[in-house]
Amino acid sequence: MFTNQRRIWRSGLINFLRGGLVSFSSVVVLTTTLFIVGWLVIGQGFFTASLTAIQDRVDISISFIPEAREEQVLGLKQKLEALPEVVEVTYSSRDDELADFRERNKDIPIIMRSLDEIPNPLGARLKVKATDPVYYDSISRFLDQDTALSSAGERIIFDTNYRKTDIDQLTAFISSTRQFGSAIALVLIFISIITVFGTVSLAIHISREEIGVMRLVGADNRYIRGPFIVEGVIAGLISSVLALLVLYPSVIWARRVTTSFVDQFDFLNYYLSSLPVLFLIIALVGAGLSILASLWAVRKYLKV
Amino acid sequence: MIFFDQVTKLYSDRSLALDQVTFSVEKGEMLSIVGHSGAGKTTLLKMVLAEEQPTSGGVYWDSTNINSVGHGQIHRLRRKIGSIFQEHRLLPNKNVYENIALTMEASGRSDEDIASDVPHVLELVGLADKMINFPGQLSGGEKQRVAIARAIVNQPDILLADEPTGNLDPVTTFEIIQIFNKINELGTTVLIATHDKSVVDAVGKRTLTLEKGRLVRDDKHGHYVL
């Protein structure tokens, strides 16, 4: 048993090394496929990070009238925080709002002078962040209820900045982008699988004489298949390493070209931090694909 | 030992390869099977190897119907048979030693057996000095000797040779026949399919003549009458 395994591994290794152009072609095709798989993994990371960042920027901004008392605003804050769909509510006092307004308009003297002459015209503000953009609609409806306003029933909210259309569009964009991304990934994976199967089939077709001879000298099917599986494993592992090496300059390039508009995702950091997982995924896909393709291709030559 | 019982082989294109062929071969016998191209010689040998199934009739090895041997057990039967072909069928990416060792490895023989038997059998066919050469570095006659060495290294019960001297010059042909005679003297049953009169004459033993798939003559001593 052990002797057979050793012979199968040795035979597979020798066949791979002596395979020349055939082995080289298999490695090139597999490396290309695994490069695509690697980018699908990195792309998924980029996509998730980008969507999270976009979602983080969306909130409902509630500005209060200047007469609203702090305890009234904080009371509403508590009510909002009790809602299950709310992640966080940030309170900004009247003084904070004034300081922020001054900072934003410090270059406009007329505004600065006006602010010096009148009492603080601004009200406090609450910023509400939901667990998912789809909940902003229900939070907005909650704010429209009288009970959400104050214990005395006064309307203390000056304005609710709720960009429903923007949020709806964003929700639709996220949903369709996810579907589109999945479709693209499926198409790429399908093309890659077909290409790998085609290349491995061709390589095994070239070896059909060897399979025929092995059958005639009394080798059983396991012994005939074995070296092809070993060749697949070797090609898969070599291609995994090559794919990771080729991915490195490509993520550097991606980082450079996206740095002007993507600030929340660093391609290089993601690649380096997930290198072990990436290698594991790529190696498993590479070896698995190659083995499956070998088994599939060798099958028809074992029938007689 | 081998018994063909009313064997007919009709291929899917309706061509008749064998037609009601009946004969038997005793253990240790050596015989030539002659006939023109398409007479059914190769089909007949392939049936012994279970590479082809008869359309009707049966091929028996002792009491076993070869056609009823399960797909998973065919390799055990083939380990008892050595095969030689006109086109050698050596593996180009393996050297002479590896080509012969392959047969023993496939049969599960030990490394020690392989290390001792392969040089021995190469000596028998006169190629002891070509052990590390690849098939591409050998002449036609040398390739055929390697194929013979591969076929006999497991000491098979039967040796099948399909046009084994087809591309060889007369001197090499004669040397190959001498090797077959030597193998037969050691007790191996030898079946040689050929259309070469000189081979039949050199073998000088029982000869079956096939014509359009029918067995038309069974001579005790080599006669080539076509």
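Data table
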{"read-out": "Set A:GLN78, A:GLN44, A:GLN55: member being surrounded by fewer than 14 Cβ atoms within 10 Å (Cβ to Cβ) and closer than 30 Å to A:LEU122 by Cα", "value": "A:GLN78"}
{"read-out": "Sole exception among (1) out of contact with any helix residue (DSSP H, G or I) (no Cβ under 9 Å at 6 or more places or on another chain); (2) part of a loop (DSSP other than H, G, I, E, B); (3) away from every other protein chain (no Cβ under 14 Å) for B:SER116, by number", "value": "(2)"}
{"read-out": "In region B:95-109, the residues that are touching a residue at least 40 places away in the same chain (Cβ under 8 Å) and either within 8 Å of chain A (Cβ to nearest Cβ) or touching a strand residue (DSSP E or B) at 6+ places or on another chain (Cβ under 6 Å) (or both)", "value": "B:LEU102, B:THR103, B:SER107"}
{"read-out": "Hits in region B:67-89 (condition: surrounded by 20 or more Cβ atoms within 10 Å (Cβ to Cβ) and hydrophobic (A, V, I, L, M, F, W, C))", "value": "B:ILE81, B:ILE84, B:PHE85"}
{"read-out": "Residue satisfying condition, being buried (at least 16 other Cβ atoms within 10 Å of the Cβ) and either within 14 Å of chain A (Cβ to nearest Cβ) or in a helix (DSSP H, G or I) (or both), within set B:PRO156, B:PRO92", "value": "B:PRO156"}
{"read-out": "From the options B:GLN53, B:GLN73, residue that is over 16 Å from B:LEU215 (Cβ atoms), at pLDDT below 90 and out of contact with any Gly (no Cβ under 8 Å at 6 or more places or on another chain)", "value": "B:GLN73"}
{"read-out": "Qualifying residue in region A:18-36 (condition: among the β-branched types (Val, Ile, Thr), more than 14 Å from chain B (Cβ to nearest Cβ), more than 22 Å from A:VAL230 (Cα to Cα) and assigned to a helix (DSSP H, G or I))", "value": "yes"}
{"read-out": "Top-ranked residue in region B:197-215 [being in contact with a strand residue (DSSP E or B) (Cβ under 8 Å, 6 or more places away or on another chain) and assigned to a loop (DSSP other than H, G, I, E, B); ranked as nearest to B:GLY28 (Cα to Cα)]", "value": "B:LYS205"}
{"read-out": "Residues satisfying the stated conditions in region B:123-141, i.e. of a type in the set (A, V, I, L, M, F, W, C) and under 15 Å from B:LYS94 (Cβ atoms)", "value": "B:LEU127, B:MET131, B:ILE132, B:PHE134, B:LEU138"}
{"read-out": "Filter result (at the interface with chain A (Cβ under 9 Å from one of its Cβ atoms), over 13 Å from the mean Cα position of the chain (by Cα) and under 19 Å from B:LEU191 (Cα atoms)) within region B:52-78", "value": "B:GLU52, B:LEU77"}
{"read-out": "Meets criteria (farther than 30 Å from A:LEU275 by Cβ, away from chain B (no Cβ under 14 Å) and surrounded by fewer than 14 Cβ atoms within 10 Å (Cβ to Cβ)) for A:GLU85", "value": "no"}
{"read-out": "B:GLU26 in the same structural domain as B:THR209 (by TED's automatic domain parsing), within 25 Å of A:GLY218 (Cβ to Cβ), at pLDDT below 90 and of a type in the set (Asp, Glu)", "value": "no"}
{"read-out": "When residues of region A:99-136 are limited to those that are surrounded by fewer than 10 Cβ atoms within 10 Å (Cβ to Cβ) and part of a loop (DSSP other than H, G, I, E, B), the one nearest to the chain's Cα centre (by Cα)", "value": "A:ASP107"}
{"read-out": "Extreme residue, farthest from the other protein chains (Cβ to nearest Cβ), among residues of region B:79-89 that are touching a strand residue (DSSP E or B) at 6+ places or on another chain (Cβ under 9 Å) and at pLDDT 85 or above", "value": "B:ILE84"}
{"read-out": "Region B:196-208 residues that are in the same structural domain as B:MET30 (by TED's automatic domain parsing), paired with ones that are polar (S, T, N, Q) and surrounded by fewer than 20 Cβ atoms within 10 Å (Cβ to Cβ) (beta carbon under 8 Å, 6 or more apart)", "value": "B:VAL203/B:ASN181"}
{"read-out": "Residue in region A:261-270 that is assigned to a helix (DSSP H, G or I) and closer than 30 Å to B:HIS88 by Cα present", "value": "no"}
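Each row is one residue, and each column tells you yes or no for (1) under 28 Å from A:GLN44 (Cα atoms); (2) among the β-branched types (Val, Ile, Thr); (3) out of contact with any helix residue (DSSP H, G or I) (no Cβ under 9 Å at 6 or more places or on another chain); (4) away from every other protein chain (no Cβ under 14 Å).
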position	(1), (2), (3), (4)
A:ALA185	yes, no, no, yes
A:THR195	yes, yes, no, yes
A:ALA203	no, no, no, no
A:ARG208	no, no, no, no
A:ILE238	yes, yes, no, yes
A:LEU244	yes, no, no, yes
A:PHE265	yes, no, no, yes
A:VAL277	yes, yes, no, yes
A:LEU284	yes, no, no, yes
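The values are calculated or read from the model by the stated rules, or taken from the named source; none is laboratory data. Quick caveat: nothing in here was measured; it's all calculated off a predicted structure. No Cβ is skipped: glycine too gets one built from the backbone with ideal geometry, and neighbour counts run over all protein chains shown.
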